[in-house]
Amino acid sequence: MKIEEYKTNTTTSTMENGEDHTIDIESMVSDLQRKLTGNNLVMSSSVTIFRIPTILARHNKTSYVPNAFAIGPFHHNDPLLQRTERIKQKYLLDLLSRLSHNNNNPISNTQAPFDPMWIRKLTKAVSDIHNEARGYYAGEIDMKANEFVDMLLLDGCFIIELFRKNSYHDLIDKDDPIFTMSCLIQFLHHDLILLENQIPWLVLNTLFELTKSQSTDKKSLGDLTLEFFPSLIKKKSLRLNLSDNKIPQTKHILDLLRNSLIYNSNIIAKEKSNEVHDWQHIRTATALRDSGIKFEANNSESILDISFIPKRGVISIPPLLIQETTETVFRNLISLEQCCPNYKPIITCYAVLLDNLIDSSADIQVLEKNKVIDNWLNVDDATKFFNRLYIDTYVKENYYYSLTSEVNEYCRQRRHKYRRILKRDYFKHPWALISVIAAFVALVLTFLQTFYAILDAYKGDN
């Protein structure tokens with residue numbers, strides 16, 4: 001039946017509480033048709049910057065909200081973050097002054113006129129890619145095109161200038177507002193890794209290439225970025241070979257940090273990509289220790305490279321640094337995996353495994369003693385951090401299936417537990433060992449004495 005046949009029934013009336021309510025069916029059909037024919041119903045595959053879902057943010061809101069610097073559109077108009085806009089402008093001025101004078105040394109603001117040509121050049125470059133950049137953000141952005149381009153330009157130039165100054169200290173002037181105040185560096189280590197506080201890597205790389213100096217810029221933007229986050233979750237600096245064809249194109253700073261963990265690891269190769277395994281729970285660190293399992297630190301490039309050595313009964317774990325920003329890093333990496341299409345939940349699996357191992361302060365102390373964890377926090381705070389880290393997340397694939405299976409099988413063999421008890425109770429100290437040997441010798445002598453007494457009695461009877 002054709003739609004035209006319904007046009008005679010464009011309204012219908014209902015009675016409710018004695019009142020007549022007229023419903024315009026044709027208007028409703030037109031309105032719904034307009035909504036369904038929109039081009040914004042399917043999320044683009046390029047979307048990788050999200051607002052944190054409430055179900056994740058409610059567990060620790062401070063891990064998702066910037067302390068001082070708004071980067072990108074989501075927190076752009078926050079009145080509490082407006083004071084640092086002047087710092088961004090100062091950094092943009094430093095960059096423009098160097099470019100205009102072809103000078104790699106810092107120039108005082110009072111002696112730093114700049115060529116407006118550079119502003120036009122940078123603005124044009126960002127304007128050319130602003131539609132593609134907007135596609136990285138999920139949801140509507142309540143900003144006009146000019147305002148959006150201006151924001152990307154200011155934030156992007158601020159970030160690349162910040163990373164350059166961090167690596168090339170000659171670019172820092174004596175009045176620099178960031179490198180002369182340690183608290184601002186700490187704020188930036190937090191603010192620049194927030195999922196809601198990102199701008200596309202496309203913008204950063206475009207501005208970086210356009211402002212690159214042959215005499216100054218000896219490192220790639222990726223290297224500069226990772227150098228800015230020293231000891232983020234490990235004492236060794238993060239690294240990533242960006243020339244490797246197996247590494248996907250970087251989406252933003254947080255995505256780069258995730259790639260540096262995953263693609264320096266062999267975790268993906270260990271588990272077959274065509275096999276999906278449910279999660280297997282394993283015992284806590286103290287329970288595993290009591291079952292005869294030991295822990296030791298390894299020197300892997302990635303914290304994800306946890307392995308089990310059955311012949312030695314050892315779980316080998318790369319050392320993890322736990323400090324003020326650690327929870328922020330993990331929560332935003334997990335949110336990235338939970339929100340982005342086709343992102344494998346590798347960091348989330350790592351969080352689940354650590355939560356299995358750590359249930360109490362005693363578990364933290366076991367791992368600390370074996371140098372697997374370097375804890376800079378209160379023990380109770382560190383324990384709570386692990387216990388609530390992956391709540392309300394969904395893990396479809398288990399990237400530690402082989403590890404958990406082997407550990408659980410090892411624990412089911414009771415001889416390992418008995419050997420552990422024997423070593424703990426009787427071989428822990430030299431005097432305990434001597435007493436065990438003495439008792440064993442006494443037992444043997446008693447047996448021999450009894451044996452010969454029985455033997456003599458038997459001979460006497462005969």
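The values are calculated or read from the model by the stated rules, or taken from the named source; none is laboratory data. Remember, it's a predicted structure, so these values are computed and weren't measured experimentally. FYI the Cβ positions are ideal-geometry reconstructions off the backbone, even for glycines, and counts take in every protein chain you see. Side chains are part of the model used for accessible areas, which takes the heavy atoms of the whole protein and leaves out ligands, DNA and RNA. Shrake-Rupley method; radii C 1.70, N 1.55, O 1.52, S 1.80 Å.
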- line: Rounded to the nearest 10 Å², the 1.4 Å probe accessible area of Tyr64 is 10 Å²
field: Positive dipole terminus of the range 42-94, leading residue within Gly72, Thr62, Gln89 (C-beta point charges)
entry: Thr62
- line: Residue separation between Ser167 and Arg83 times 0.36 nm, minus their alpha-carbon distance, gives in nm 27.7 nm
query: Taking N as the number of residues in the range 207-264, what is its Cα Rg relative to 2.2 N^0.38 Å?
result: 1.17
statement: Which residues qualify? For Asp374, with a placed amide H closer than 5 Å and at least 5 residues away or on another chain, they are Leu320, Leu321, Ile322
query: With the Cα gyration tensor of the range 56-213 giving a ≥ b ≥ c as the square roots of its eigenvalues, does the rule (a/c under 1.5 for rounded; else a/b larger than b/c for prolate; else oblate) give rounded, prolate or oblate?
result: oblate
- prompt: How far apart, in nm, are two points set 7 Å out from the Cα along the Cα-to-Cβ line at Asn60 and at Ile437?
  reply: 5.1 nm
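Using a/c under 1.5 as the rounded threshold, could you call the range 268-412 rounded, prolate or oblate? The axes a ≥ b ≥ c are square roots of the C-alpha gyration tensor eigenvalues, and prolate needs a/b larger than b/c, oblate otherwise.
Because a/c hits 1.5 or more and a/b fails to exceed b/c, the range 268-412 counts as oblate.
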task: Return the sequence-ordered ³J(HN,Hα) values of the range 156-164 in whole Hz as given by the Karplus equation 6.51 cos²θ - 1.76 cosθ + 1.60 applied to θ = phi - 60°, using x for Gly and Pro.
output: x, 5, 4, 5, 5, 5, 4, 5, 5
